[in-house]
Amino acid sequence: DQQVKQNSPSLSVQEGRISILNCDYTNSMFDYFLWYKKYPAEGPTFLISISSIKDKNEDGRFTVFLNKSAKHLSLHIVPSQPGDSAVYFCAAPTNAGGTSYGKLTFGQGTILTVHP
Amino acid sequence: NAGVTQTPKFQVLKTGQSMTLQCAQDMNHEYMSWYRQDPGMGLRLIHYSVGAGITDQGEVPNGYNVSRSTTEDFPLRLLSAAPSQTSVYFCASSSTTRQETQYFGPGTRLLVL
């Protein structure tokens, strides 16, 4: 049972344009979401998060939107840069509604390629 | 401050061999986890620990053992390697105050023949 899903394996955009990465979830108890970025041969690094009490969180070029009724979140990168080319994972704390102890449930990941 | 370190970076094993993947963190984090990453599957939790001496199973624990004798170290043991354990393994840690923000190591790429 994939509780966090990223249905687009890959996305290709032109430098300077907007990148939109999507994520859906099935567990309505999830109340916090995170995006991680992963370069080849490196571990994932935390990018941005959002609590379910908000519908938007912004950090520089990165904005995450949350639509609780649709159980959908998206990560917008504006403007996209070649250095943004990486795999992006969305994730949610595994023990929804309780103490996660750091455990996360991840989506499958989306490979973003930004062309110069 | 090295963060989370993992050794080795790459390992080739034969079916049935055993090995230990090492993980250490220098951030004094209480929580540590092991994940495996497979194509199309994202990262899946193998085992986790909430402190020295306390470990528990994650989503895919079969074939793996862990122990945590110190706050810093969290080794992952493969008792009898199988080709299905070919994967990239990531160790992660987080603090009790920001437990969802995991810090990941660089990974160990394991090939089981």
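The values are calculated or read from the model by the stated rules, or taken from the named source; none is laboratory data. As the structure is a prediction and not an experimental result, all values here were calculated from the model. Positions of Cβ are backbone-derived with ideal geometry, glycine not excepted, and every protein chain shown enters the neighbour counts. Keep in mind that these areas ignore ligands, DNA and RNA; they rest on the heavy atoms of the full protein, side chains included. Shrake-Rupley method; radii C 1.70, N 1.55, O 1.52, S 1.80 Å.
Overview of values
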read-out	value
Residue match in region A:57-65 (condition: aliphatic (A, V, I, L, M), closer than 30 Å to B:Gly51 by Cα and more than 10 Å from chain B (Cβ to nearest Cβ))	no
Which numbered condition A:Lys37 fails, given (1) more than 14 Å from the chain's Cα centre (by Cα); (2) open to solvent by 20 Å² or more (accessible area, probe 1.4 Å); (3) within 14 Å of another protein chain (Cβ to nearest Cβ)	(1)
Scope region A:104-116; condition open to solvent by 20 Å² or more (accessible area, probe 1.4 Å) and at the interface with another protein chain (Cβ under 9 Å from one of its Cβ atoms); matching residues	A:Thr105, A:Gln108
Some residue of region A:41-48 being in a strand (DSSP E or B) and away from chain B (no Cβ under 14 Å)	no
Residue that is surrounded by the most Cβ atoms within 10 Å (Cβ to Cβ), among those in region B:75-113 that are within 9 Å of another protein chain (Cβ to nearest Cβ) and in a strand (DSSP E or B)	B:Cys91
Number of positions in region B:16-44 that are touching a residue at least 24 places away in the same chain (Cβ under 8 Å), part of a strand (DSSP E or B) and open to solvent by less than 60 Å² (accessible area, probe 1.4 Å)	15
Output for region B:46-60, where each listed residue is under 17 Å from A:Pro44 (Cβ atoms) and surrounded by fewer than 22 Cβ atoms within 10 Å (Cβ to Cβ)	B:Gly58, B:Glu59
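To keep it simple, each residue is scored yes or no on (1) in contact with a Pro (Cβ under 8 Å, 6 or more places away or on another chain); (2) crowded, with 18+ Cβ neighbours inside 10 Å; (3) touching a residue at least 12 places away in the same chain (Cβ under 8 Å); (4) assigned to a strand (DSSP E or B).
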{"residue": "A:Ser28", "(1), (2), (3), (4)": "no, no, yes, no"}
{"residue": "A:Leu73", "(1), (2), (3), (4)": "no, yes, yes, yes"}
{"residue": "A:His76", "(1), (2), (3), (4)": "no, no, yes, yes"}
{"residue": "A:Ser80", "(1), (2), (3), (4)": "no, yes, yes, no"}
{"residue": "A:Tyr88", "(1), (2), (3), (4)": "no, yes, yes, yes"}
{"residue": "A:Tyr101", "(1), (2), (3), (4)": "no, yes, no, no"}
